Amino acid sequence: VTTGSAEIITTIDGRTPQRYEVEIEKIALNASDANRNMVVHVTDRVLLQNTGGIVQGMSGSPILQNGKLVGAVTHVLVNDPTQGYGILAENMLLEAENGENQS
């Protein structure tokens, strides 16, 4: 995962998932909140025109970079809906493993 171009896959019309362009602006590998490993900025004109950015219901939308899953959208920045946070795929896997070990 690097800063730079990426995509999110999300559904805004209730039917078909689409790819939308975003920019990974910041990566925090040791973030105190595991749900805030990345800051993503929506750059896709269609998504901005239709939603204004990240909206409720987009949490969990996959973030892809260079054709690979790198994370998922967690939530929007309250003061700027064109930006949001993401969790790294690696941290999602670690959380899943920790949950399995606690069962």
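The values are calculated or read from the model by the stated rules, or taken from the named source; none is laboratory data. Please read these numbers as outputs of a predicted model, since none were measured by experiment. Positions of Cβ are generated from backbone atoms using ideal geometry, with glycine treated the same way; all protein chains shown enter the neighbour counts. Quick note on the areas: whole protein, heavy atoms, side chains included, nothing else; ligands and nucleic acids left out. Shrake-Rupley method; radii C 1.70, N 1.55, O 1.52, S 1.80 Å.
Scanning the range 1-51 for residues that are under 16 Å from Gly84 (Cα atoms), open to solvent by 80 Å² or more (accessible area, probe 1.4 Å) and free of Cβ contacts under 8 Å to residues at least 40 places away in the same chain yields Thr3, Glu21, Lys26.
Filtered by the rule that a residue be crowded, with 21+ Cβ neighbours inside 10 Å, in contact with a Ser or Thr (Cβ under 8 Å, 6 or more places away or on another chain) and in a strand (DSSP E or B), the range 53-80 gives Ala72, Val73, Thr74. Scanning the range 88-102 for residues that are touching a helix residue (DSSP H, G or I) at 6+ places or on another chain (Cβ under 9 Å), open to solvent by less than 100 Å² (accessible area, probe 1.4 Å) and not hydrophobic (A, V, I, L, M, F, W, C) turns up nothing. Just wondering, is there one or more residues in the range 33-49 that are closer than 18 Å to Arg19 by Cα and of a type in the set (Gly, Ala, Ser)? No, every residue in the range 33-49 fails to be closer than 18 Å to Arg19 by Cα and of a type in the set (Gly, Ala, Ser).
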